[in-house]
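First comes the structure, then the notes that go with it.
The values are calculated or read from the model by the stated rules, or taken from the named source; none is laboratory data. Because the structure is a prediction, the values reported are computed rather than measured. Methodologically, a virtual Cβ is constructed for each residue, glycine included, from the backbone with ideal geometry; neighbour enumeration extends over all protein chains shown. Quick note on the areas: whole protein, heavy atoms, side chains included, nothing else; ligands and nucleic acids left out. Shrake-Rupley method; radii C 1.70, N 1.55, O 1.52, S 1.80 Å.
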Amino acid sequence: MLLTEYRLDLVIQALRNALKMEHPADAVLRHFFQAERIGSNERSLVAETLFGVLRHRLLLEYGCTLDKGQATARRMTLAYWVKFGGYNLRELEPLLKAKEADWLGSVKSINANDLPLSIQAELPEWIVDKLRTQHSDAEILELGRSMQQPAPLDLRVNTLLAGRDEVLQALQADGLDAQATPYSPMGIRLKYKPALNKHALFLTGKFEVQDEGSQMLGLLLAPKRNDMVVDFCAGAGGKTLMLGAMMNSQGRLYAWDVSEKRLTNLKPRLKRSGLSNVQPQLIAHENDSKVKRLAGKIDRVLVDAPCSGLGTLRRNPDLKFRQSPQSVAELNVKQTAILDSAARLLKQGGRLVYATCSFLHEENQGIVQAFLATHPDFALLPASEVLRQQHIDLAMGDYLQLNPQQHNTDGFFAAVLERKGA
């Protein structure tokens, strides 16, 4: 794409807002596009550059200091285009000020292998420090590099309305590069990211967008048709809809959340899905009276706990700069309280899946181990065993731990807990 002053200015404006870290990057972009009525080429350039800069921000900031300069939105943009965007200095020359060409030449020749682990992995120091308690530097680097790659687009087939082969063939007939996902029996992976919100199969509820890692949580919960099930932190309901389809729209499925807005976003999805067994309900907090009323009556509970979201850095690279040790510590308190409360819902022999989209030990194994230490009536079911029962060929130990470098999914963690019988 031809780079012009106009296009550079657009990128700088959007990036300047995103770098303040006051709002999620996708929200910044959405507001920017609403305010600036620009062409599709410009939109693509702005989005690609903004997310690219956030993915590689630590190296680009280092590059901006090579001539003792500042890491401004302009310099970060130019440095990204030269180092990662595939542009050469000749293409950028008409846009450059005095001495910028020499500086950009230095940026282009940076050898990342000579830099500290934090910059190579594109993970802030505090995250590297936390990971070092459980992982080698080589593992941290591999994780960090995998998080720098854009994520593919995964779909989940609504098995109430369609089979995977039917949807797969229809997408391929439309010329899309679509393949079955390797682990989830209802997943489809698209190589590119076409707009699907007007596709006939989407409008008729036959598929939803959902990462394969997220689909694995429903498969671990494995609800039966006439169960009573609670999705404790339902959000906009992607996993709720999966559970409802697995239950063949039978039994009763409560979708709880503390956010009215998120539950409102579930309504059109629920309508498309054809499900009639879902009851979305707003709760005030984890100890709401609705929780107390159903104590000891529920067969299956999914707790997709509020977390740092660091496992989704391929999609949300700004999260590594918007989270902090303090915010993680606050989340740990919330995670502990939610798991504690959700566990009270279970019947004897009932199953609870605790999950996060984080790779931090203290949000994952740390929470589960502390729970088990204070709840002797619960036992950990090895994730490997539960997956085998579901005929899923995925090597795991006690916990489900997915990551982009090994599984090409977001970074997900899950523990399967069972309330012991009498």
Per q in 0.17 Å⁻¹, report the Debye log10 I(q)/I(0) for the range 87-208, using one uniform scatterer on each alpha carbon and no solvent. -0.87
How large is the accessible surface per residue of the chain, computed with a 1.4 Å probe and reported in Å² as a whole number? 44 Å²
For percent of Cα pairs over 29 Å apart, calculated from these coordinates, the label among [x] 44; [y] 40; [z] 50: [z]
Contact order normalised by length for the range 34-115, with contacts defined as Cα pairs under 8 Å and 6 or more residues apart; what percent is it? 28 percent
Determine Rg/Rh for the range 336-375; Rg is computed over alpha-carbon atoms and Rh is the Kirkwood hydrodynamic estimate from the same atoms. 0.97
Only Lys, Arg (+1) and Asp, Glu (-1) charged, at Cβ; the chain dipole about Cα centre in debye: 1240 debye
With N residues in the range 75-116, Rg(alpha-carbon) / (2.2 N^0.38 Å) equals 1.14
List the pairs from 20/267; 20/239; 97/320; 83/320; 290/320 whose alpha-carbon separation is above 28 Å, in the order I gave them. 20/267; 20/239; 97/320; 290/320
Counting pairwise Cα distances across the range 269-422, what percent come out greater than 29 angstrom? 22 percent
Return the long-range amide H neighbours of residue 234 (sequence gap of 5 or more, or a different chain), with a cut-off of under 5 Å between placed amide H atoms. 256, 257
Excluding ligands, DNA and RNA, the carbon-plus-sulfur percentage of the accessible area of the chain with a 1.4 Å probe reads 49 percent
Whole-Hz Karplus ³J(HN,Hα) for the range 315-324, in order, using 6.51 cos²θ - 1.76 cosθ + 1.60 and θ = phi - 60°, x for Gly and Pro? 9, 10, x, 6, 4, 5, 9, 8, 9, 7
Using the Kirkwood radius over Cα pairs of the range 7-51, the Stokes-Einstein translational diffusion coefficient at 25 °C and 0.890 mPa s, in µm²/s and rounded to a whole number, is 240 µm²/s
Put +1 on the Cβ of every Lys and Arg and -1 on every Asp and Glu Cβ in the chain; which of 201, 17, 404 then has its Cα farthest towards the positive end of the dipole? 201
Please identify the trypsin sites (Lys or Arg not before Pro) of the range 1-44 that satisfy two criteria: DSSP loop assignment and at most 11 other Cβ atoms within 10 Å. Which are they? 20, 37
What's the longest uninterrupted piece of the chain once you rule out the GluC sites (Glu not before Pro) that are loop residues per DSSP with at most 16 other Cβ within 10 Å? 37-422
In percent, how large is the relative contact order of the range 321-401, given Cα pairs closer than 8 Å and 6 or more residues apart? 21 percent
Give the relative contact order (percent, whole number) for the range 253-292; include only Cα pairs under 8 Å separated by 6+ residues. 57 percent
For the range 183-226 the translational diffusion coefficient, Stokes-Einstein from a Kirkwood Rh over Cα pairs at 10 °C and viscosity 1.306 mPa s, in µm²/s, is roughly 130 µm²/s
Within the range 176-240, list the chymotrypsin sites (Phe, Trp or Tyr not before Pro) lying in a DSSP loop whose Cβ has at most 14 other Cβ atoms in a 10 Å radius. 192
